[in-house]
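Beneath this line is the structure, given in structure tokens, with notes to follow.
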Amino acid sequence: MVMFIGIDYISGPLMKFGKYLEAEQVPEWGKMYVDYKGLKKQVGVVAKALDAKNSGIEERSSLLRRASTYLGYDSFSLGNAEAAMSNSSSSPSPVPFPESPSMPIPPAVAAVPEHSLRRELADDSGCCSRAGCTKCSHFDSIVSASPQIAMNMSAGNMGKVASTSMALAHDANIKIPISAQDSFTDNIRQRRAPVASGDCLSDEAYKKALAARLPEELEFFEQLEQELAKVNDFYRQKQTLFSSRLDNIKKQQVIYDEMLSEEIEAANLKIRPNMTKSFSSMNKLSMSPSTSKAGGKASTRASSMDASKGSSSSSSSSDPSPQLRAARSKIKHAMLELYRGIDLLKNYRILCYTAFIKALKKYQKVAKWCEGTEYFLNRVDACYMATSSQLNKMASELEGMYVSRYAGGSRSRGMNKLRLNPTGTGSSNQGCIFRCGLMLGTSVPLIVRAIYEANLIENEDRLPYHRQLLQIYGSIFLVILFLLLFSLNIMAWARAHINYRFIFEVDPRDFLNSWQFLELSSFFLLISSVVFWVNFTLRIEHNAYICIYVLLGVLLGLFLMPIRTFYWTSRWWLMKSLWRILFSGLYRVEFRDFFLGDEMCSLTYTFSMILMLGCAGTHKWSDLDDTCNTSQWWSNAAFLMLPNVFRLLQCIRRFVDSGDAFPHLANGAKYSSTIITIWLASANRIAGGNAWRSVWVASAIANSCFTSLWDLLMDWGLFESRSKHRFLRSELKFDRPWVYYVAIVVDVILRFVWITQISPNFFSFGHKVHQSTIAYIAAVLEVLRRFSWNFFRVENEHISNCGQFRATTDIPLPFSFDAAGQASDCERTHNEFDHPCASAEPSAPVSPQSTISPTPHTRI
């Protein structure tokens, strides 16, 4: 949460506000923040204009001084000249030279010092040139009381603010009071009170005074007006959107509560008849016939009340139905996402407000126009963004709902779930970085030693399945290399302020940062390298292949173990994503689905080793050169095509959901061409002959050209027309454009890496290299190409989100409404809940015939 610090942040030793604003803004909303750099630049233009004006005055005053000396007026004061020069810009008038040397000089004018002619631009006091100006001190007091920004990170920010604000507060020896997010509007009202009661300029007086200023100053205030209007409109739009979401959530919660009460009542009705019978039988035995009639009604009433209590307690202890549990989960998730959006908007408001304060303060130091700065500060304090308290009310209402229904009434537990904890700071990653270095430093020597031992002739003679064992180990290390490189992708995205967490829809309250991901990958590498080293260095004579099963069991066990530790949230996210890919076509396709599908397309070598491992186990690891030459099998082609088949099904599903033939069917054609190429390559290996080779080469060339163009034009969004970067796009998140040019060349070259399979002897430079080694090198190069591709694919998606200002996700809610705003009757039957083929339209009033199906994710 944002903390309030009552000191001048921009003068602090830690970080300039401009860099702070750039680092801590919501990346997708970047264009809607105050253009603080542009305002600073315009202040610099104003300063240069004032310098030029003052230098002209000094030159003319020097000329006057020399002329007065020449004419014998040594005691001539420059006070009148100063007044004349300062007024010359608006209404030029001649300088009042005295007519005779005996002309008396007024004492007040003669007492004016010579240096008063100059404007002291370096003065930081903020006072104008007029002595005793109370407005300047008033403006300084307002600025010094302005809310400074020291916020815990929300999702989408970089996570540096918590440590920065704490360090800043420690250096200033002050305490951090309550959140400035919650007290923001109250602080504005307290500061506005003296401003409103003062003698601020009226609108007409402000316009007249501004017209008399320099053109550069007029341009500065026009830019301020534009920025204020932009910020106000965007803030109002987002607040209205979040308010409508909150209303929908409240309606959904009411429906859920009603359905839960109906379910409990139905359970009570089932229990009540049995308990009534038992009570009535007991009454017949204990009561006489004369008293049974008189007390029958009372006893029946009492028994039913007791039964109701018993059934109520039993039903309350039982869990709701699976449909209601799923609805509860969706509503809870929607609350968390909405609270995150409200938190982002609060941070947006404080950042923009402080940017205006800082820009006005810089202008005041340069121009010394206290009336203009105070007038516009009053405009900022009175704007909708600064005065609206609706956002705080929405947050308070949402907190109350969540605490009462999903936190058992415990506010501390509920707020811990709602708030975003700062993660990713350098101090918290020190232990993680140390462990990464330790595990990587241990793994590399083990791998090098194991490779050396594996290539000794005696080991090849000792293990008849030596080559197959190396291929399987190589496929495992290929996946781990991919994970290690992906941690570098995350590191680069975070450094470039690319909101990868939002793009991949990971939980912003519990996610892996780059160092944690690297630590997890390094741990897998350490386990694999130890088993690899044991397998070949300790010279196990019998059943050496058991080590590979042990390694696979440990790795899969660590990944699949259902224990809420060892990064459980991230592992569960990946499990669900892989499940969605496995059943591609049955679920709506999200970015993470087709992104992971593309990643799997670069790991086809590992898919082929699954067939090798199954064949070796079936034949008990004997005579594998003859029995398990999987490269000559048609089933091997099926395994190689499997990731591309998943992507083809995803493209078809996206076309069905959206109805857009382009780009979805065109993208599907790309994967179809890859499938055909893989099949032709297998036919060339199995059947042989020049005819098959020619067809395969032609198909491979066409596929490589097709996929290369798709990478550059569609996935990376390059070759944009009228771009300021030649052959690239206008907006680049990575600082150095040459990186893009290198990536273009590398991507195209590595798309043609299949050429190495045409003539392995040529590409081995005359050395005798096995065909499997060439295939493995090609697989490693494909992983490296995908590593490069990842940078710019996620960057392009991020830029697309920024263009539409999408920083939060509209979570699909379980219940739809009819035109009157009531839940549909068929919703209460729980039919087709969470159907994978739900409607593609966002939540809207629908007809009573609609089923209880969630709407898809909509990013806002």
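Looking across region 205-242 at every residue that is hydrophobic (A, V, I, L, M, F, W, C) and without any contact (Cβ under 8 Å) to a residue 24 or more places away in the chain, the one that is farthest from residue 391 (Cα to Cα) is identified as 211. Answer yes or no: is there a residue in region 465-476 that is surrounded by 15 or more Cβ atoms within 10 Å (Cβ to Cβ), within 29 Å of the chain's Cα centre (by Cα) and in the same structural domain as residue 732 (by TED's automatic domain parsing). Scanning region 465-476, I find no residue that is surrounded by 15 or more Cβ atoms within 10 Å (Cβ to Cβ), within 29 Å of the chain's Cα centre (by Cα) and in the same structural domain as residue 732 (by TED's automatic domain parsing), so the answer is no.
Are any of the residues in region 37-57 touching a helix residue (DSSP H, G or I) at 6+ places or on another chain (Cβ under 6 Å), modelled with pLDDT under 75, in a helix (DSSP H, G or I) and buried (at least 18 other Cβ atoms within 10 Å of the Cβ)? Looking through region 37-57, at least one residue is touching a helix residue (DSSP H, G or I) at 6+ places or on another chain (Cβ under 6 Å), modelled with pLDDT under 75, in a helix (DSSP H, G or I) and buried (at least 18 other Cβ atoms within 10 Å of the Cβ).
For region 652-661, a residue qualifies if it is touching a residue at least 40 places away in the same chain (Cβ under 8 Å) and of a type outside the set (Lys, Arg), and the qualifying residues are 652, 657, 658.
Within region 528-544, the set of residues being among the aliphatic types (A, V, I, L, M) and either assigned to a loop (DSSP other than H, G, I, E, B) or within 17 Å of residue 432 (Cα to Cα) (or both) comprises 538, 540, 544.
The residues of region 526-544 that are buried (at least 20 other Cβ atoms within 10 Å of the Cβ) and either at pLDDT below 90 or among the small types (Gly, Ala, Ser) (or both), listed by number, are 528, 529, 535, 536, 544.
Of the helices (runs of 4 or more DSSP H) lying entirely inside region 598-674, those containing at least 2 residues that are of a type outside the set (Lys, Arg), assigned by TED's automatic domain parsing to the domain that holds residue 688 and within 33 Å of the chain's Cα centre (by Cα) are 604-618, 634-658. State yes or no: is residue 562 outside any helix (DSSP H, G or I), within 28 Å of the chain's Cα centre (by Cα) and either farther than 23 Å from residue 501 by Cα or not assigned by TED's automatic domain parsing to the domain that holds residue 776 (or both)? For residue 562, the condition - outside any helix (DSSP H, G or I), within 28 Å of the chain's Cα centre (by Cα) and either farther than 23 Å from residue 501 by Cα or not assigned by TED's automatic domain parsing to the domain that holds residue 776 (or both) - is met. Tell me whether region 748-771 contains one or more residues that are modelled with pLDDT of 85 or more, within 22 Å of the chain's Cα centre (by Cα), of a type outside the set (Val, Ile, Thr) and farther than 29 Å from residue 32 by Cα. Checked region 748-771: no residue is modelled with pLDDT of 85 or more, within 22 Å of the chain's Cα centre (by Cα), of a type outside the set (Val, Ile, Thr) and farther than 29 Å from residue 32 by Cα. Looking only at residues of region 802-816 that are at pLDDT below 80 and among the aliphatic types (A, V, I, L, M), we find that the one that is nearest to residue 251 (Cα to Cα) is 811. Of the residues that sit in region 28-40 and are basic (Lys, Arg) and closer than 14 Å to residue 356 by Cα, which one is nearest to the chain's Cα centre (by Cα)? Among them, the one singled out is 37. Restricting region 317-359 to residues that are farther than 16 Å from residue 247 by Cα and of a type in the set (Asp, Glu) leaves a set whose member that is surrounded by the most Cβ atoms within 10 Å (Cβ to Cβ) is 343. Please indicate, with yes or no, whether at least one residue in region 601-613 is over 22 Å from residue 711 (Cβ atoms), free of Cβ contacts under 8 Å to residues at least 24 places away in the same chain, of a type in the set (Val, Ile, Thr) and touching a helix residue (DSSP H, G or I) at 6+ places or on another chain (Cβ under 8 Å). No.
Summed over region 488-507, the residues that are surrounded by fewer than 21 Cβ atoms within 10 Å (Cβ to Cβ) and not aromatic (Phe, Trp, Tyr) give a count of 11.
Yes or no, residue by residue, for (1) surrounded by fewer than 14 Cβ atoms within 10 Å (Cβ to Cβ); (2) within 18 Å of residue 668 (Cα to Cα); (3) in the same structural domain as residue 496 (by TED's automatic domain parsing):
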| position | (1), (2), (3) |
| --- | --- |
| 700 | no, yes, yes |
| 713 | yes, yes, yes |
| 720 | no, no, yes |
| 728 | no, no, yes |
| 733 | no, no, yes |
| 745 | yes, no, yes |
| 755 | no, no, yes |
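Only residues that are in contact with a Leu (Cβ under 8 Å, 6 or more places away or on another chain) and either farther than 23 Å from residue 558 by Cα or among the β-branched types (Val, Ile, Thr) (or both) were counted in region 570-604, giving 4.
Listed by first and then second residue, the pairs linking a residue in region 530-544 that is assigned by TED's automatic domain parsing to the domain that holds residue 464 to a residue that is among the aromatic types (Phe, Trp, Tyr) and surrounded by 15 or more Cβ atoms within 10 Å (Cβ to Cβ), with Cβ atoms under 6 Å apart and 6 or more places separating them unless they lie on different chains, are 532/473. I'm checking my understanding of the structure. Among residues of region 650-677 that are in contact with a Ser or Thr (Cβ under 8 Å, 6 or more places away or on another chain) and of a type in the set (Lys, Arg), which one is surrounded by the most Cβ atoms within 10 Å (Cβ to Cβ)? Within region 650-677, the match that is surrounded by the most Cβ atoms within 10 Å (Cβ to Cβ) is 653.
The values are calculated or read from the model by the stated rules, or taken from the named source; none is laboratory data. If you're wondering where the values come from, they're calculated on a predicted model, not measured in any experiment. With ideal geometry, Cβ positions are generated from the backbone for all residues, glycine too; neighbour counts draw on all protein chains shown.
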